[in-house]
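Undergrad: Provided herewith is a single structure, encoded as structure tokens, for subsequent inquiry.
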Amino acid sequence: MEANSIKNQKIKGAFVNANVIANVSQIVEYILQTSVDNNQAPFSYDDLENLYHYEDTDGNCYTAAEKDDLLEELQQELESLQELQDESEDERIILELESKVQDLRERIDQLDNAEEVPSEVYEWWIVSHWLGNKLKDNGEVIIYDGMHTYWGRCTTGQAILLDSVIAEICTEMEILDGQRYAWE
């Protein structure tokens, strides 16, 4: 399925129109800047969710949850390979498994040493609370102020409907062309 086909761009455009309300970049930036000295501000930098992500030496980015899940998965795979290695008597298989074990250890070490990096927000948008929750689940920067949900968009220069996170959410919802609940 091509997420950016003409049909799917129309579907994602309708989705964005229904859930993305307004660009409020100047307002949010002003509030965040003044919140440093003003505890009466509606929100502050402390209220930003998903501001940080982890980046490994290969440039792969992970949310904290994704990093933890992947580490757990790799650790389990490592333990399984080590058990196979201990049980095997075939020298060729042992050497093959040792190579895989070494690769896994390096990958685990790379994830363990992934640096926490702040996301660079280029635009702020008021979005529906529902979309805000979906964006948050997908690792996007979000602020809730009790009345509104603000999305810190970390891309700029293209239509929101082209953002990969929008394609992911629409795919999850199964509303793209050819999916179960396709919006026609």
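The values are calculated or read from the model by the stated rules, or taken from the named source; none is laboratory data. Since we're looking at a predicted model, the values are computed, not measured. In this analysis, Cβ positions are derived from the backbone assuming ideal geometry, glycine residues included, and neighbour counts consider all displayed protein chains.
Undergrad: In segment 134-146, what count of residues is obtained for those that are at pLDDT 95 or above and more than 12 Å from the chain's Cα centre (by Cα)?
TA: Looking only at that region, the number is 2.
Undergrad: Considering only segment 25-36, I want to know if a residue exists there that is at negative phi and in contact with a Ser or Thr (Cβ under 6 Å, 6 or more places away or on another chain).
TA: Quick first cut of segment 25-36, residues at negative phi only: 25-36.
Of the ones still in play, those that are also in contact with a Ser or Thr (Cβ under 6 Å, 6 or more places away or on another chain) are 35.
Yes.
Undergrad: Has segment 84-93 got at least one residue that is over 30 Å from Gly152 (Cβ atoms), at pLDDT 85 or above and among the hydroxyl-bearing types (Ser, Thr, Tyr)?
TA: Let us first name the residues in segment 84-93 that are over 30 Å from Gly152 (Cβ atoms), namely 84-93.
Still in the list and also at pLDDT 85 or above: none.
For segment 84-93, residues over 30 Å from Gly152 (Cβ atoms), at pLDDT 85 or above and among the hydroxyl-bearing types (Ser, Thr, Tyr): absent.
Undergrad: So, of the residues in segment 43-70 that are touching a Ser or Thr at 6+ places or on another chain (Cβ under 8 Å) and closer than 24 Å to Gly146 by Cβ, which turns out to be surrounded by the fewest Cβ atoms within 10 Å (Cβ to Cβ)?
TA: As a first pass, look at segment 43-70 and keep what is touching a Ser or Thr at 6+ places or on another chain (Cβ under 8 Å): 43-45, 50-54.
Going one step further and asking which of them are closer than 24 Å to Gly146 by Cβ, we end up with 43-45, 50-52.
On the way: Phe43: 17, Ser44: 16, Tyr45: 11, Asn50: 19, Leu51: 17, Tyr52: 14.
Checking each candidate, the answer is Tyr45.
Undergrad: Next question, about the same structure. Among (1) closer than 23 Å to Thr57 by Cβ; (2) assigned to a helix (DSSP H, G or I), where does Glu172 come up short?
TA: (1)
Undergrad: Read through the list (1) within 19 Å of the chain's Cα centre (by Cα); (2) over 27 Å from Thr57 (Cα atoms), then give the number of the only condition that Glu89 fails.
TA: Of (1) within 19 Å of the chain's Cα centre (by Cα); (2) over 27 Å from Thr57 (Cα atoms), only one is false for Glu89: (1).
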